[in-house]
Amino acid sequence: MLYEKIIRVLYIDLAASKIEVKKRTDLSEYLGGVGIATKLLEETVKPELPPLAPEQPIILAIGAISGIFPLVTKTVAMFLSPLTGEMGESYAGGRLALALSMAGYDAVVISGKASRPSYISIEGDTVQIKDARPIWGMDSDVVGQFLRDSEEGRGRRSILRIGPAGEKMVKFASVCVDTYRHFGRLGLGATMGSKLVKAIIVSGDNTTKIQNFKDYFRSYQEIFKSVTETDLMSKYHDLGTAINVESVSALGALPTRNLIENHFDEAEEISGEAFAEKSLVRKMACTGCPVGCIHIGQFRRKFDDGYDYESVSVAYDYELIYSLGSLLGIPKTDEVLQLIEVVEKTGMDAISAGVALAWATESLMQGIVTEEDTIVPLTFGNSENYSKAIRYLASGRNSFYAALGEGTRSAGAKFGGKDHALQVAGNEIPGYHTGYANLVGLTVGARHSHLCNAGYSVDQSLKDFDEQKAVNKLFDEELERCLLNSLVICLFARKLYNRETVLKALRAAGYPLTDDELTLIAKRIYSTKLRLKEKLGFDPRQVELPKRFFKTPSMQGILDSTMVERMISQYVEKCESLLAEKI
Amino acid sequence: MKVLKAVEMNRCIGCLSCMITCSAVNQQDHSILKSAIRIKTSGGLTGKFVAIVCQACKDDVPCAEICPTGALIKRQAGGVLLDKDKCIGCELCVNACTVEAIHFDQETQKPIVCKHCGVCVRFCPHGCLQLVEEGL
């Protein structure tokens with residue numbers, strides 16, 4: 001909690017309907033966020049049981065300065081990933097961090113399984129498990145509409161919910177947070193579904209006196225100014241992350257048509273500019289962030305003769321334009337938005353869903369699967385059929401879609417198409433085929449995401465590629481992000497929150513830490529993660545990478561698998577020396 | 001003398017920087033519940049944002065009229081200033097305000113009233129909130 005070295009943890013046991021709050025002073029050496037969440041996961045996870053066993057926990061956590069500085073807006077979720085079978089870690093913005101802070105909790109641990117479809121209402125000290133039977137089965141957006149009316153806390157609450165895919169335990173089901181943000185990756189939606197939890201509503205009315213107004217407000221203003229008056233954040237506000245579509249394609253690093261190609265000839269048609277000019281209707285922000293990177297695109301759809309139209313608004317970003325655009329060969333902004341809409345409503349991770357369908361399309365082309373399996377003839381560029389297929393995937397319509405819902409790795413192994421299954425360690429790949437650092441980064445990264453260590457950026461920043469240099473950069477970035485994620489800042493602000501700024505902000509909020517102490521905290525968190533991953537049976541040297549990554553040229557040309565293996569081994573050595581340190 | 005107006009709420013991104021800074025500067029508190037301005041959604045996040053804030057009533061000022069102790073003093077440009085010493089925490093002003101822009105602080109047992117200081121304007125990234133000359 002602010003100004004205190006106490007971590008308040010709310011434990012919710014759904015099976016026993018037991019609610020408990022513990023004040024954990026011992027957790028303060030992990031600072032907060034991903035630090036305390038990793039520790040809590042280590043304490044509560046059951047490595048011997050399957051990921052969706054009722055005993056497995058869901059952990060949500062915020063950081064020491066959540067909600068009181070610009071862009072310190074995220075909440076981390078940790079769990080045992082049903083998609084990869086190992087450590088699950090996902091981040092969401094929206095209003096959740098502020099809501100948890102006002103409810104008075106640094107972390108929430110949810111375990112057990114409810115006896116019937118339920119939703120959890122956390123209103124400060126009042127925590128209730130309520131009947132969700134009437135809302136079970138609803139699309140993600142509709143649940144939100146119902147709960148907004150029936151629950152308290154308008155203007156300061158956060159609503160998390162799953163769609164039908166989470167209920168069906170599709171292994172990459174997501175959790176929607178406050179309409180436009182998500183715990184997208186690694187299948188938290190399936191874990192919620194397995195516990196029969198349809199939604200979680202958080203609000204509270206905590207107040208906290210500012211202890212040193214001058215210091216606090218000076219820091220706040222400095223950070224606010226660098227956000228709004230310099231060009232540090234402007235790309236995120238102006239065109240948003242979609243700005244990268246054309247440039248990544250031009251580099252030959254944009255996975256296209258299931259990475260049969262590395263650039264999309266029609267990238268210009270689905271570029272950031274194209275979306276801005278044709279679809280963008282407004283921008284929104286997470287609470288406490290003056291940037292406003294959430295780009296809302298709108299399209300209209302004719303549903304009947306007689307000029308009957310409906311309008312639909314969805315949020316778009318680079319990764320979604322990749323996975324539901326170039327990867328599926330879709331060259332129209334409206335059609336990409338329509339696919340985003342179905343993914344949103346059914347509640348699946350947009351990257352994983354797109355990759356799974358791209359795999360199914362190529363498998364159908366190769367004759368590995370049949371049209372009887374896919375129900376509709378999936379072909380690159382046909383968004384109407386993809387729209388139907390997303391619904392089939394979310395509901396497990398037949399045995400093929402049910403198998404695909406187990407993840408692309410699993411489907412590849414089952415049907416015999418693993419060479420073109422675009423996944424690393426079970427997680428479907430983000431939209432970069434930049435080269436060695438990206439591929440190695442995804443393999444060794446704690447959650448196999450481009451956000452673990454930004455390998456795609458390492459590839460682009462190293463002029464003369466040097467494997468040892470790249471490995472060092474990946475390691476250092478992963479380590480520093482353990483610190484940033486313990487504060488749970490938005491990683492778009494990673495350049496802004498350099499050590500000097502972090503120290504100043506922490507000091508102003510009553511945490512007089514030193515630079516060395518921050519380094520120690522980062523190392524402590526990363527070591528804990530590495531130990532936990534090992535306990536869950538993960539070894540990056542055992543990851544089998546699909547041949548497609550070595551066949552389609554990357555931005556750096558054709559990749560050599562022995563070089564990748566060597567870099568992974570070098571990375572493992574660095575991890576081993578970290579684990580040998582006394583922290 | 002100027003008054004606060006929420007003039008361009010269509011442009012609001014919902015960052016709540018106005019509430020965070022109002023609470024911090026005027027109430028020295030981190031909680032947005034201490035803010036005199038409130039940003040709310042109408043119809044969920046797909047709806048528009050609305051700013052619930054003092055409308056700077058000028059001649060007829062319902063909250064000041066109903067205050068039994070004269071603790072709400074009319075500002076020349078519109079709106080009121082709170083004299084905390086005179087306030088007895090009766091909450092009549094809260095109910096008197098048609099737009100519900102006066103919030104009652106349960107901790108201090110006093111109302112939170114916008115004084116048109118303009119701190120929120122300084123931290124509004126999209127110019128939704130502005131300080132304008134009275135009568136404009």
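Bear in mind these aren't lab numbers, they're just calculated from the coordinates by the rules spelled out. The structure displayed is predicted, hence computed values, not measured ones. Don't worry about glycine lacking a Cβ; one is built from the backbone with ideal geometry, like all the others, and counts go over all protein chains shown.
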Item to check | Highest-first arrangement of A:169-175, A:411-417, where packing means the average Cβ count within 10 Å | outcome: A:169-175, A:411-417
Item to check | Among A:HIS182, A:GLY204, A:LEU60 the positive-end extreme of the charge dipole of the protein assembly as shown (Cβ point charges) | outcome: A:GLY204
Checklist outcome for this item: For the A:SER17, B:ILE73 Cβ pair and Förster radius 60 Å, calculated FRET efficiency rounded to 0.05 is 0.70
Item to check | Close Lys-Lys pairs in segment A:212-343, where close means Cα under 26 Å and separation is 8 or more or interchain | outcome: 11
Next on the checklist: Just want to confirm a number: the relative contact order over segment A:3-126, from Cα pairs under 8 angstrom separated by 6+ residues, in percent.
Outcome noted: 30 percent
Checklist entry - For the pair A:ASP539 and A:GLU55, how long in nm is the line joining their label points, each one 7 Å along Cα→Cβ? => result 2.5 nm
Checklist entry - Based on DSSP H assignment, which helices of chain A show an axial Cα extent of at least 27 Å together with a mean Kyte-Doolittle hydropathy greater than or equal to -1.0? => result A:467-487, A:515-535, A:561-580
Checklist entry - Helix B:17-27: angle to the longest alpha-carbon principal axis of chain B, degrees 0 to 90, nearest 10? => result 30 degrees
Checklist entry - Ranking A:HIS295, A:HIS433 by Cβ neighbours within 10 Å, fewest first, what do you get? => result A:HIS295, A:HIS433
Checklist outcome for this item: Taking A:ASP539, A:ASP464, A:ASP334 and counting other beta carbon atoms within 10 angstrom, the fewest-first order is A:ASP464, A:ASP539, A:ASP334
Item to check | Cut-off 11 Å (backbone N to label point 7 Å along Cα→Cβ of A:LYS551), residues of segment A:401-433 | outcome: A:417-421
Checklist outcome for this item: Surrounding charge for B:MET9, neighbours by C-beta under 11 angstrom, Lys/Arg +1, Asp/Glu -1, total +3
Checklist entry - How much net charge surrounds A:SER387 when only other residues with a Cβ under 9 Å from its Cβ are counted (Lys, Arg +1; Asp, Glu -1)? => result -1
Item to check | Ellipsoid equivalent to segment B:26-118 - semi-axes via the Cα gyration tensor, in Å | outcome: 23, 16, 12
Checklist entry - Using the Cα gyration tensor of segment A:239-393, with a ≥ b ≥ c the square roots of its eigenvalues, what is the shape: rounded (a/c below 1.5), prolate (a/b larger than b/c) or oblate (neither)? => result oblate
Checklist entry - Label A:ARG391 and B:GLU133 with points 7 Å out from Cα along Cα→Cβ: what is the distance between them in nm? => result 6.0 nm
Item to check | A:GLN211-A:LEU232 FRET efficiency (beta carbon distance; Förster radius 25 Å; 0.05 resolution) | outcome: 0.30
Next on the checklist: So if I take the centroid of the Cα atoms in segment A:294-321 and the same for segment A:365-394, what is the distance between those two points in Å?
Outcome noted: 22 Å
Checklist entry - Put +1 on the Cβ of every Lys and Arg and -1 on every Asp and Glu Cβ in the protein assembly as shown; which of A:PRO546, A:GLN366, A:SER527 then has its Cα farthest towards the positive end of the dipole? => result A:SER527
Checklist outcome for this item: The size of the Cβ-based charge dipole (Lys, Arg +1; Asp, Glu -1) of the protein assembly as shown about the Cα centre, to the nearest 20 debye, is 1560 debye
Next on the checklist: Of B:PRO62, B:GLN76, B:CYS124, which is farthest towards the positive pole of segment B:2-133's charge dipole, taken about the Cα centre with +1 and -1 on the beta-carbons of Lys, Arg and Asp, Glu respectively?
Outcome noted: B:CYS124
Next on the checklist: Net charge within 11 Å of A:LEU96 by Cβ-Cβ distance, Lys/Arg positive one each and Asp/Glu negative one each, not counting A:LEU96 itself?
Outcome noted: +3
Checklist entry - Which FRET efficiency value, to the nearest 0.05, do you get for B:ARG122 and A:GLU152 by plugging their Cβ-Cβ distance into 1/(1 + (r/R0)^6) with R0 = 41 Å? => result 0.85
Item to check | Proxy reagent accessibility, fewest Cβ within 10 Å first, across A:PHE400, A:PHE465 | outcome: A:PHE465, A:PHE400
Next on the checklist: Suppose the chain between A:GLU517 and A:GLU573 were pulled fully straight at 0.36 nm per residue; how much longer would it get relative to their current alpha carbon spacing?
Outcome noted: 17.8 nm
Item to check | Kirkwood-Stokes translational diffusion coefficient of chain A, alpha-carbon pairs, 10 °C, 1.306 mPa s, µm²/s | outcome: 67 µm²/s
Checklist entry - For segment A:7-203, what does the alpha-carbon gyration tensor say about shape, rounded, prolate or oblate, given a ≥ b ≥ c as the root eigenvalues, a/c under 1.5 as rounded, and a/b over b/c as prolate? => result rounded
